[in-house]
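Notes to accompany the following structure.
Rule-based calculations on the coordinates, nothing more; no lab input. Bear in mind the structure is a predicted one, so any value in this text is a computation, not a measurement. No Cβ is skipped: glycine too gets one built from the backbone with ideal geometry, and neighbour counts run over all protein chains shown.
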Amino acid sequence: MTYNDICLLLRQRYEDGEARAVARYLLEVGYGLQMTDIICGATERLPADELQRKTNRLLAGEPVQYVVGTAEFCARRFHVAPGVLIPRPETEELCRLVEEDRAEGEGIRHILDIGTGSGCIAITLALNIPGARVEAWDISNEALAIAQENAKRHNADIVFRNVDILSEQPFLQQETGNGAHCDEHFSNNDSTKGWDIIVSNPPYIVPSESKEMAEQVLEHEPGIALFAPQDNPLLFYNAIAIYAKQTLNPHGKLFFEINPLFCDQLETLLTGLGFADVTFCYDRFGRKRFATATKPV
Ligand code: GLN
């Protein structure tokens, strides 16, 4: 199959520009080809059956990142599969907010990522913030296996744990990471008593929004990572904020990716719990997409 054959097939499902972009991603990221080679017919040397199978998956609506097994996030490549959300560009901005928050000359900082999925946030922070000690939690073992693989691929030293933040004592749950088992709040094995930063991109879409969502997302990405209950959209924020209130160090900070629909409710929740400096930041599309809050002394 040539590049043009693939594009032609994909046009059964995608408009022209997107068909080309998807075909390019498949060939460049999936097979490491350069566009010049692609144009010169390098695709003819690829295993034809495999290429056909992948094209069929794309035609069935599967996101190209799952078909290729790779997504790009903050200039790194992460393994992704249907058990984890495909990292979104907005979430790169969440990482930037955490990275830029660093004060000059700061030493070791203990960072917890709740609902890590592919591990993209935890790994990015571990690699980009000097002196970061990062722990990452998820309720899904499938996600934790992918996150661990990504941490290994990028040489990031992260402790992974299977924790359900909705359960009352998350710190007593089983550990699946590479650190020593520890049934205290903190596994960081030093004198620090709490977290300096808790970051999370928890499920925040409510089911009534699904009519505006792409079929590709609804049919292929894990609902468990996307949806919060219609009647309790802040379920995860509430649990995380209560845990953060107990475990952040004084001046420690909470960083959330959020649903712009619920920012007023979230502000009430965070101020009600006693957090200070509750601030909202906009994403590149001009939507209130992030919230930060500080634990007072
Ligand atoms: N931003 C994601 C989306 O639009 C949702 C991520 C989440 O629910 N945390 O699909």
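A few notes on this one:
- Sum of side-chain charges, ILE205 neighbourhood, beta-carbon under 11 Å (Lys, Arg +1; Asp, Glu -1): -3
- Normalised Debye scattering of the chain at q = 0.06, 0.13, 0.16 Å⁻¹ gives log10 I(q)/I(0) of -0.22, -0.93, -1.27, counting only Cα atoms as equal scatterers and leaving out solvent.
- Highest GNM mean-square fluctuation among ASN150, ASN201, ASN128, for the chain modelled with Cα contacts below 10 Å: ASN128.
- Reported value for the range 18-173: 141 Å³ per residue, from the convex hull of its C-alpha atoms.
- Cα centroid separation, the range 106-122 to the range 228-250 (Å): 17
- The Cα atoms of the range 53-101 give a gyration tensor whose axes a ≥ b ≥ c have a/c of 1.5 or more with a/b greater than b/c, which makes the shape prolate.
- Going by neighbour counts of Cβ atoms within 10 Å, the residues MET1, MET213 line up, fewest first, as MET213, MET1.
- Neighbours of LEU94, meaning other residues whose beta-carbon lies under 14 angstrom from its beta-carbon, give a summed charge of -2 when Lys and Arg score +1 and Asp and Glu score -1.
- Highest-MSF residue in the chain out of LYS193, LYS253, LYS211 [GNM, Cα springs under 10 Å]: LYS211
- Per the Cα gyration tensor, the range 1-108 maps to an equivalent ellipsoid with semi-axes of 33, 15, 12 Å, ordered largest to smallest.
- Each DSSP beta bridge with both residues in the chain is either parallel or antiparallel, and the antiparallel ones are about 40%.
- Residues ASN232 and ALA48, FRET efficiency given R0 of 51 Å [Cβ-Cβ distance, rounded to 0.05]: 0.50
- Residues VAL68, VAL297, sorted so that the one with the fewest Cβ neighbours within 10 Å comes first: VAL297, VAL68
- Alpha-carbon centroid distance for the pair the range 254-296 / the range 1-48, whole angstrom: 41
- Sorted by Cβ density within 10 Å, fewest first, the residues ARG53, ARG77: ARG53, ARG77
- Separation of the LYS193 and ILE224 label points, Cα + 7 Å toward Cβ, nm: 3.5
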